[in-house]
Amino acid sequence: MSNFDAISDRDAMRRLLAGAAKTVIDCRYCWLFTAASGASARPMGVVARALDPEDWTLSFVTDGRSRKAAEIRQTPDIYLVFQRDPEDAFVKLSGAVALQDNREEVSRRWKSAYDRYFPTETDRSNAVFVDVRIERMDLWIRGVTPEPFGLKATTLERDGNGQWQLA
C-alpha cells in the first residue's frame, strides 16, 4: 500500500485536519512569511484560538503602516509556519489573504489585550486585521502523517468546491 493509498480515506483526512488544527491551536505564535521583495519572515501572535473545520481562516492584528502590511498589499502571497517540538508537529499553511482595515470591522473585532501593542489612539486607528483563508497545508506530524516521518510533507489543498483533498 502506498502512502497515498494509506491516507486517502475520509477518516484519515479527518485525522490529518485534526492534527493540523491541534498544532495551530496549541501554538501561541507562528512565523509569517511574505514573498514581496524576496522572502521576509516575522513571528506573529495568532488572534483566533479556535478553528472552524470548514472555514480554516486565521487572523492576526498588525499595524497598517508596517512593512508587513505594505508587503501583503504588494504581493498577497504569504506562508504561515507552526511548530510544536513536543509532538514533532510542523505545519505550513498558505491561502487567500485580506487586510481588513474597515474601522467598524476593526472596532467590532478589537480586544483590550491589543491595546498593549497599539498604545495610542493613533496606533489603534492604524490597526488592521490580516485574515488568511487557508487553501493549502503541508504537514509533518508524527503519528498522523505517513511514515517515514519527516521524509516528505503530506500536502492538502482545497478543491473547486472548497473540500480538502490530497495534492
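Residues that are aromatic (Phe, Trp, Tyr) and touching a helix residue (DSSP H, G or I) at 6+ places or on another chain (Cβ under 9 Å) were ranked within the stretch 98-145; the one that is nearest to residue 62 (Cα to Cα) is 129. A count restricted to the stretch 60-93 and to residues that are of a type in the set (Lys, Arg) and either surrounded by fewer than 19 Cβ atoms within 10 Å (Cβ to Cβ) or part of a loop (DSSP other than H, G, I, E, B) (or both) stands at 4.
How many of the residues in the stretch 148-164 are farther than 12 Å from residue 90 by Cα, aliphatic (A, V, I, L, M) and open to solvent by less than 40 Å² (accessible area, probe 1.4 Å)? So the count comes out to 1. Mind checking whether some residue in the stretch 49-59 is modelled with pLDDT under 90, buried (at least 16 other Cβ atoms within 10 Å of the Cβ) and assigned to a loop (DSSP other than H, G, I, E, B)? Yes, that holds for at least one residue. The residues on offer are 113, 167, 96, and the sole one that is within 14 Å of the chain's Cα centre (by Cα), surrounded by fewer than 15 Cβ atoms within 10 Å (Cβ to Cβ), among the aliphatic types (A, V, I, L, M) and at pLDDT below 95 is 96.
Scan the stretch 138-167 for residues that are touching a Phe, Trp or Tyr at 6+ places or on another chain (Cβ under 8 Å), in a strand (DSSP E or B) and not charged (D, E, K, R) and the total you get is 6. Selection of the stretch 1-41 for residues being farther than 15 Å from residue 56 by Cα, in contact with a strand residue (DSSP E or B) (Cβ under 9 Å, 6 or more places away or on another chain), at pLDDT 80 or above and open to solvent by less than 60 Å² (accessible area, probe 1.4 Å) yields 27, 30, 32, 34, 35, 40, 41.
The values are calculated or read from the model by the stated rules, or taken from the named source; none is laboratory data. None of these values were measured; they are calculated from a predicted model. With ideal geometry, Cβ positions are generated from the backbone for all residues, glycine too; neighbour counts draw on all protein chains shown. Side chains included, ligands, DNA and RNA excluded: accessible areas come from the protein's heavy atoms. Shrake-Rupley method; radii C 1.70, N 1.55, O 1.52, S 1.80 Å.
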